[in-house]
Amino acid sequence: MENNIDVKIFGKNYKLKSNDNSENKVLLLSELLNEKMLHTARKHNTVNILDVSVITALNLLEENILLKNIFHREKKILNLK
């Protein structure tokens, strides 16, 4: 069964859908995204939601790539498949 969850990200309200067992995950992800966007806005001294969104997305992709590279390097060291 789907649930509607109200969250606030960067000052904007969103109504998101989740299934029964993912509501906490959606809330946590929304909170983390809000924190990342607020950090980006402070760091780049802007509140333009489009600018903050794009910069935050790029930063998150960079983190993702870095973590994937670390994972693959460690996996190779341990000879895991």
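The values are calculated or read from the model by the stated rules, or taken from the named source; none is laboratory data. Everything numeric here is computed off the predicted structure, so don't read it as measured data. Here the Cβ positions follow ideal geometry from the backbone for every residue, glycine too, while neighbour counts run over all protein chains shown. Accessible surface is based on the protein model in full, side chains and every heavy atom, while ligands, DNA and RNA are left aside. Shrake-Rupley method; radii C 1.70, N 1.55, O 1.52, S 1.80 Å.
With the requirement that a residue be basic (Lys, Arg) and part of a helix (DSSP H, G or I), what does segment 72-81 give you?
Just the residues of segment 72-81 that are basic (Lys, Arg), to begin with: 73, 75-76, 81.
Those that are basic (Lys, Arg) and part of a helix (DSSP H, G or I): Arg73, Lys75, Lys76.
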How do the pairs read when you match residues in segment 50-73 that are under 14 Å from Leu38 (Cα atoms) with residues anywhere that are modelled with pLDDT of 95 or more and among the small types (Gly, Ala, Ser), using Cβ under 7 Å and keeping only pairs 6 or more apart or on different chains? Val52/Ala41
Regarding segment 49-71, can at least one residue be identified that is within 19 Å of Tyr14 (Cβ to Cβ), in a loop (DSSP other than H, G, I, E, B) and either under 15 Å from the mean Cα position of the chain (by Cα) or of a type in the set (Val, Ile, Thr) (or both)? no
Taking the conditions exactly as written (modelled with pLDDT of 95 or more and open to solvent by less than 100 Å² (accessible area, probe 1.4 Å)), does Leu66 satisfy them or not? no
Every residue from segment 25-47 that is open to solvent by 40 Å² or more (accessible area, probe 1.4 Å), in a helix (DSSP H, G or I) and among the aliphatic types (A, V, I, L, M): Leu27, Leu28, Leu29, Leu32, Leu33, Leu38
Considering only residues that are under 23 Å from Met1 (Cα atoms) and among the small types (Gly, Ala, Ser), which ones fall in segment 16-59? Ser18, Ser22, Ser30
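Could you check, for segment 5-24, whether at least one of its residues is part of a helix (DSSP H, G or I) and either among the charged types (D, E, K, R) or open to solvent by 100 Å² or more (accessible area, probe 1.4 Å) (or both)?
Initially, segment 5-24 is screened for residues part of a helix (DSSP H, G or I), giving 23-24.
With either among the charged types (D, E, K, R) or open to solvent by 100 Å² or more (accessible area, probe 1.4 Å) (or both) added as a condition, the list becomes 23-24.
For segment 5-24, residues part of a helix (DSSP H, G or I) and either among the charged types (D, E, K, R) or open to solvent by 100 Å² or more (accessible area, probe 1.4 Å) (or both): present.
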